Structure formats: structure tokens, C-alpha cells
1. Residue by residue through the range 26-46, note down the ones that are surrounded by fewer than 10 Cβ atoms within 10 Å (Cβ to Cβ) and closer than 16 Å to Ser162 by Cα.
2. Take the conditions away from the ligand (no atom under 13 Å from the Cβ) and aromatic (Phe, Trp, Tyr) and apply them to Phe6. Does it pass?
3. Given the conditions (1) within 18 Å of Gly22 (Cβ to Cβ); (2) open to solvent by 80 Å² or more (accessible area, probe 1.4 Å); (3) more than 12 Å from the ligand (Cβ to nearest atom), and given that Asp70 satisfies all but one, which numbered condition is not satisfied?
4. Could you look through the range 53-67, keep only residues that are over 21 Å from Phe148 (Cβ atoms) and touching a Phe, Trp or Tyr at 6+ places or on another chain (Cβ under 9 Å), and pick out the one that is least open to solvent (accessible area, probe 1.4 Å)?
5. What pairs come up if the first residue lies in the range 136-158 and is over 23 Å from Arg181 (Cα atoms) and away from the ligand (no atom under 14 Å from the Cβ), the second is open to solvent by 20 Å² or more (accessible area, probe 1.4 Å) and not in a loop (DSSP other than H, G, I, E, B), and their beta carbons are under 6 Å apart, counting only those six or more places apart or on different chains?
6. Quick one: which residue in Ala11, Ala50, Ala85, Ala99 is open to solvent by less than 60 Å² (accessible area, probe 1.4 Å), near the ligand (Cβ under 8 Å from one of its atoms) and aliphatic (A, V, I, L, M)?
7. What are the residues in the range 68-87 that are over 24 Å from Asp146 (Cβ atoms), modelled with pLDDT of 95 or more and of a type in the set (A, V, I, L, M, F, W, C), if any?
8. Out of the range 1-47, which residues are touching a helix residue (DSSP H, G or I) at 6+ places or on another chain (Cβ under 6 Å), closer than 14 Å to Tyr143 by Cα and touching a residue at least 40 places away in the same chain (Cβ under 8 Å)?
Amino acid sequence: MSVRWFSIIVAMDEKRGIGKEGTLPWHLPGDLKHFKTLTTTTDDPKKQNALIMGRKTWDSIPEKFRPLPDRLNVVLSKNKTQSMAQDMISARSFEEAFAALETPEQKDLVDKIFVIGGAQIFKIALASPSCEALYLTHIQSTYACDTFFPDFESQYESVESSTEFDENGTRYFFSLYKRHRF
Ligand SMILES: NC(=O)c1ccc[n+]([C@@H]2O[C@H](COP(=O)([O-])OP(=O)(O)OC[C@H]3O[C@@H](n4cnc5c(N)ncnc54)[C@H](OP(=O)(O)O)[C@@H]3O)[C@@H](O)[C@H]2O)c1
């Protein structure tokens, strides 16, 4: 089944580490603000963006902050077939998540689609030809991560990078990658 175009958004360290013990290994408010702005801003003011995430990433968001506001939260789980909270959608497969965005109720309300993690979902998303862009935060440090983003450089190239930011001695920059078109 083909799915609609979507982007990935992820923050990673120098070894592509993205998580540790079910949470983020760093605290970078500037990056969280960037995530919020990018994923909330729509081209059409009457629509909202959709976020697709794995159940473990959903669990990593403190209850009081989820679902992430002003965005349609779609959570992938093979086990939890019922909605895990109000105002979110649960799906049993990547294809089902996209199908849920194509229903008559959602179709005209969804603007952009972002896959926001974690590693299991990134792996499926990267393998999809519909994944057109990666919004990466490159954190210029190495953390003791147990969860990693897949190798992506053979398929995607950096087309744009920000200047460098420094938050309490942690340096990072944003980079947009696009899929190679051969
Ligand atoms: N740095 C970043 O940008 C970033 C972003 C997001 C997350 N993270 C970090 O990444 C870690 C979590 O990543 P993770 O890889 O362990 O977990 P995850 O990808 O967030 O979630 C995995 C869960 O998703 C469900 N799932 C996986 N494949 C599925 C499929 N094909 N169909 C339906 N459901 C499926 C399963 O849920 P069930 O077990 O319920 O079946 C599985 O246990 C945390 O440390 C988090 O903080 C980092």
C-alpha cells in the first residue's frame, strides 16, 4: 500500500544515539521548541499536522503533556487495540496509521505528517519511499544511548543546515535531509 508523503523529525548524537532507558538522554529546551514549532505549523490554518509515533515514545511523554497539543497524535501498537487516551488514534500497523489519516473525518483536516520515533518506527519509516525529508538535530556530543537511529546517509543528503546553537555547553545544529533522487 502506498502512503502519503511524510517527514521524519529526530534528534541524534554523534553516534546516531536517540534514547536511553525509554527517555531522551539530553535536556535541550531549544530543540524541544524547534520540534514544537516545526510539527505544529501548518500551511493551511484550517488543518492540523499529524504525528505518528511508537507506543514506547508515547509512554515516554509525561501524561500531562499528551496527546501533544494542536497535532493529531497517532500511536502504533501491536497489543493496545483501544485508544490509549482521548483525542488520539491508535493503529496496529504503519499502513493502518496512514489509513486512519485518510478516513472521511480526517482526510481534509490533516496537513503535514511527521514520524516522530522511536527507533522501531523510524526503521519502518525510512524504508518507505514516501519518506521525503528528515529534519535532524545533530547534537555534537556522545551519550550512553541504548536506542539508535538507522543508517540513513546512503539514501538521504543534507540540503540545508542551521548555524550552531549552544545550550549549557551542549552544541547542536539543525539539518534538513532530502531523499536522493537517482
Ligand atoms: N531523539 C529523538 O528524536 C527521539 C524521538 C522519539 C523517541 N526517542 C527515544 O526512543 C526510545 C523509544 O524507541 P523504541 O524504538 O524503543 O520504541 P518506539 O519505536 O517508540 O515504540 C516501539 C513500540 O511500537 C509498537 N510497534 C513497533 N512496530 C510496530 C508495527 N509495525 N506495528 C504496530 N506497532 C508497532 C510496539 O508497541 P507495543 O509493544 O505496544 O505492541 C513497540 O513496542 C525512547 O528512549 C525515546 O525517548 C528519541
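1. Across the range 26-46, the qualifying residue is only Thr37.
2. yes
3. Looking at each condition in turn, Asp70 falls short on (1).
4. The extreme case among them is Pro67.
5. Gln140/Arg171
6. On the way: Ala50 fails: near the ligand (Cβ under 8 Å from one of its atoms); Ala85 fails: near the ligand (Cβ under 8 Å from one of its atoms); Ala99 fails: near the ligand (Cβ under 8 Å from one of its atoms).
After applying the criteria, what remains is Ala11.
7. Within the range 68-87, Leu72, Val74 qualify.
8. Residue satisfying the conditions is Ala11 alone.
The values are calculated or read from the model by the stated rules, or taken from the named source; none is laboratory data. These figures come from a predicted structure and were not determined experimentally. For neighbour counting, all protein chains shown are included, and Cβ atoms are generated from backbone atoms with ideal geometry for every residue, glycine included. Side chains are part of the model used for accessible areas, which takes the heavy atoms of the whole protein and leaves out ligands, DNA and RNA. Shrake-Rupley method; radii C 1.70, N 1.55, O 1.52, S 1.80 Å.
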